[in-house]
Amino acid sequence: MRHRWLVIIGILLPTLVFAQNAAQSERGPYARIAILRPHDGNTVEFEAGYIRHLTWHQQAKDTWAWYGWTIWAGERQRWFVYATFGHSPAALDIPVTPAEDERDNISNVTPHAEFVGNALYEYLPGLSRGTGEPQPTPKLEFTTVDLVPGSAKAFESALGGSQATLQGETLWYRMVAGGAAPRYVRLRPRSTVSAILDGRAEQALPDAINHLISKTTVEILTLRPTMCYGVSPLRQ
């Protein structure tokens, strides 16, 4: 009987693993964007620990891609932003071994940094130009828009009306959970700082929606290829 159960387990286990990996890889509109602040600006130990943590993801055969950026321009200079994109609700339910992930985080990351933000966002294709997963360019314009309460519908309607005028990759996301609402973020991947500056006219939001906005923050991020997992930077 024991031999029979071992045979059954040997048959079913690969099937279950395959099904779980398939579910983890299921595509959808959801993204997770989180922020880490290195302790006392001590980025060397933090970066080494984070890279060790990415090695854990590789060994765990994580099917998700993880982006990593350092904030280059902004009040949060040198803070670290990491994100993963394009997930379905079912995929979010089964990230790779969460308990082991947390243990490795505690060993390698939290001694050197503080988690200061972790939010779930939904990609809005009707307001955007792109696929919902940003191109891994050297620079990224990261805009956070906080609205006055009750203005989300009017805000999205106004942006949707100007979608046809977008020239470069422009990705809008609505925050679902993780902070003050209503909140939106816009990602504009670009190859250089000059490309971001040259696109300032396109960067500006329509004047007609100024009264809907309580706060706008614009930051420039630098992609850190060694602090990414499953992401291949674009060749320049």
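The values are calculated or read from the model by the stated rules, or taken from the named source; none is laboratory data. Quantities reported herein were computed from a predicted structural model and do not represent experimental measurements. Glycine also receives a Cβ, built like all others from the backbone with ideal geometry; neighbour counts cover every protein chain displayed. Ligands, DNA and RNA are excluded from the accessible area calculation, which covers all protein heavy atoms including side chains. Shrake-Rupley method; radii C 1.70, N 1.55, O 1.52, S 1.80 Å.
With +1 assigned to the C-beta of every Lys and Arg and -1 to the C-beta of every Asp and Glu, and no other charges, what is the dipole magnitude of region 141-236 about the Cα centre in debye, to the nearest 20? Don't jump to the answer; show the numbers that get you there.
Details: 10 positive and 8 negative charges, 48 e Å.
Dipole of region 141-236, to the nearest 20 debye: 220 debye.
Cα to Cα, under 26 Å, and not fewer than 8 places away if on the same chain: which lysines meet these conditions relative to LYS215?
Once the sequence-local lysines are set aside, what remains near LYS215 is LYS139, LYS153.
What is the magnitude of the charge dipole of the chain about its Cα centre, with +1 placed on the Cβ of each Lys and Arg, -1 on the Cβ of each Asp and Glu, and no other charges, expressed in debye to the nearest 20?
Values: 22 positive and 22 negative charges, 72 e Å.
Here the chain has a charge dipole of around 340 debye.
Taking each pair of different alpha-carbon atoms in the chain once, compute 1/r for the pair, average those values, and report the inverse of that mean as the Kirkwood hydrodynamic radius in Å to one decimal.
Numbers: mean 1/r = 0.0516 Å⁻¹.
It is 19.4 Å.
Provide Rg and Dmax in Å for region 32-100, with only Cα atoms included in the calculation.
Every Cα atom of region 32-100 included, Rg and Dmax give 13.6, 38 Å.
Using only the Cα atoms of region 173-236, what semi-axes does the equivalent ellipsoid have when each is the square root of 5 times a gyration tensor eigenvalue? Give whole Å, largest first.
Numbers: eigenvalues 139, 71, 14 Å².
Whole-Å semi-axes of the equivalent ellipsoid: 26, 19, 8.
Can you pull the Kirkwood radius for region 101-163, inverse mean 1/r over Cα pairs, to one decimal in Å?
On the way: mean 1/r = 0.0648 Å⁻¹.
Evaluated on region 101-163, it is 15.4 Å.
State, in angstrom, two size descriptors of region 123-204 derived from its alpha carbons: Rg to one decimal place and Dmax to the nearest whole number.
Expressed in Å, the Cα Rg and Dmax of region 123-204 come to 12.8, 36.
Over the chain, with the other protein chains present, what is the accessible area per residue in square angstrom, probe 1.4 angstrom? Walk me through the numbers on the way to the answer.
Numbers: 12680 Å² over 236 residues.
Accessible surface, normalised per residue, equals 54 Å².
Just to be sure I understand: with springs between alpha-carbon atoms less than 10 Å apart, which residue in HIS57, HIS87, HIS211 has the highest mean-square fluctuation in the Gaussian network model of the chain?
HIS211
Out of the total accessible area of the chain (probe 1.4 Å, heavy atoms of protein only), what percent is carbon and sulfur? Intermediate values should be presented prior to the final figure.
On the way: 7130 of 12680 Å².
Roughly 56 percent of what the probe reaches on the chain is carbon or sulfur.
Normalised radius of gyration for region 78-184, please: alpha carbon Rg relative to 2.2 N^0.38 Å, two decimal places. Before the final figure, lay out the partial values.
Numbers: Rg = 16.3 Å, N = 107, 2.2 N^0.38 = 13.0 Å.
Normalised Cα radius of gyration, region 78-184: 1.26.
Please work out the C-alpha center-to-center distance from region 189-227 to region 93-113 and express it in whole Å.
31 Å
Residues with beta-carbon under 12 Å from that of LEU124, excluding LEU124: net charge, scoring Lys, Arg +1 and Asp, Glu -1? Don't skip to the answer; put the middle values down first.
On the way: positive: ARG129, ARG174, ARG186; negative: GLU122, GLU156.
It works out to a net charge of +1.
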